[in-house]
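What follows is a set of notes on a single structure, which appears directly below.
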Amino acid sequence: MLFRSDDAGDETFESADAGSSHTYPMEGGQIRKGGHIMIKGRPCKVSDVSTSKTGKHGHAKCHFVAIDIFTGKKMEDLVPSSHTTSVPFVKKEEFQCLSVDDDGFVTVLTGDGDTREDLKLPEEISPAPPGAAELSKLIKEMLEAEKDFYVIVQSACGHEQIMDTKVMTDRKSVV
């Protein structure tokens, strides 16, 4: 079959996200307390690491105790220290909070000056993370009091969640 060069312009290429861009590989022995690790497909923050000595037939092993960054659940994993494991890209951003609608969606102002309305109050997420009711109540109270504040949004593995608030400080200009 013969193709003409103008036929090539009609092709479309579909791309699918396999989730690989959400993590990067790292040797188990390089991950420290306070770092992040994927355990059972969930992004976790390492709270404790213990390393066993090399056995008669094998590798030294790292025992990780970690907390799921979104649900607060305790997770554990055992990884050979010389083998690679997945580490999530975790990002925290601050957005100015503008309002909350009746369905529990928070309207925020991004750094670009755009608005987003796709973040839910922490208590509206299932399963609700620890402290979700208190954080949601605080956000509503600050909006009612017309305070200027930021919501701190943590994102990892395609999931975003409001984790905290931060009151804006008054910046006085020096002349």
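If residue 30 satisfies all but one of (1) modelled with pLDDT of 90 or more; (2) open to solvent by less than 40 Å² (accessible area, probe 1.4 Å), what's the number of the condition it fails?
Among (1) modelled with pLDDT of 90 or more; (2) open to solvent by less than 40 Å² (accessible area, probe 1.4 Å), the lone unmet condition for residue 30 is (2).
Search region 77-103 for residues being in contact (Cβ under 8 Å) with a residue 60 or more places away in the chain, in a strand (DSSP E or B) and open to solvent by less than 90 Å² (accessible area, probe 1.4 Å), and hand back the single one that is nearest to residue 159 (Cα to Cα).
88
Inside region 137-172, can you point out the residues that are surrounded by 11 or more Cβ atoms within 10 Å (Cβ to Cβ), without any contact (Cβ under 8 Å) to a residue 40 or more places away in the chain and in a strand (DSSP E or B)?
Correct list: 164 only.
So, in region 46-76, exactly how many residues are touching a residue at least 40 places away in the same chain (Cβ under 8 Å) and surrounded by fewer than 18 Cβ atoms within 10 Å (Cβ to Cβ)? First the steps, then the outcome.
So the first thing to find is which residues in region 46-76 are touching a residue at least 40 places away in the same chain (Cβ under 8 Å), and the list is 69-72.
In the following step, the residues that additionally are surrounded by fewer than 18 Cβ atoms within 10 Å (Cβ to Cβ) were identified as 71-72.
Number satisfying all stated conditions: 2.
(1) open to solvent by 30 Å² or more (accessible area, probe 1.4 Å); (2) free of Cβ contacts under 8 Å to residues at least 12 places away in the same chain; (3) assigned to a strand (DSSP E or B): which one isn't true of residue 128, the others all being true?
Residue 128 satisfies all of (1) open to solvent by 30 Å² or more (accessible area, probe 1.4 Å); (2) free of Cβ contacts under 8 Å to residues at least 12 places away in the same chain; (3) assigned to a strand (DSSP E or B) except (3).
Among all residue pairs at least 6 apart or on different chains, which show Cβ distances below 8 Å where the first residue, located in region 29-44, is farther than 10 Å from residue 75 by Cβ and part of a loop (DSSP other than H, G, I, E, B) and the second is of a type in the set (S, T, N, Q) and open to solvent by less than 50 Å² (accessible area, probe 1.4 Å)?
Close Cβ pairs (under 8 Å, with a partner that is of a type in the set (S, T, N, Q) and open to solvent by less than 50 Å² (accessible area, probe 1.4 Å)) amount to 31/85; 33/47.
Quick one: count up the residues across region 61-108 that are under 16 Å from the mean Cα position of the chain (by Cα) and among the aromatic types (Phe, Trp, Tyr).
The total comes to 3.
Just to be sure, is residue 106 outside any loop (DSSP other than H, G, I, E, B), in contact with a helix residue (DSSP H, G or I) (Cβ under 8 Å, 6 or more places away or on another chain) and open to solvent by less than 50 Å² (accessible area, probe 1.4 Å)?
Numbers: outside any loop (DSSP other than H, G, I, E, B): yes; in contact with a helix residue (DSSP H, G or I) (Cβ under 8 Å, 6 or more places away or on another chain): yes; open to solvent by less than 50 Å² (accessible area, probe 1.4 Å): yes.
Criteria met by residue 106.
The values are calculated or read from the model by the stated rules, or taken from the named source; none is laboratory data. Keep in mind that this is a model prediction, so the values were computed, not measured. With ideal geometry, Cβ positions are generated from the backbone for all residues, glycine too; neighbour counts draw on all protein chains shown. To get the accessible areas, we keep the full protein, side chains included, count just its heavy atoms, and leave off ligands, DNA and RNA. Shrake-Rupley method; radii C 1.70, N 1.55, O 1.52, S 1.80 Å.
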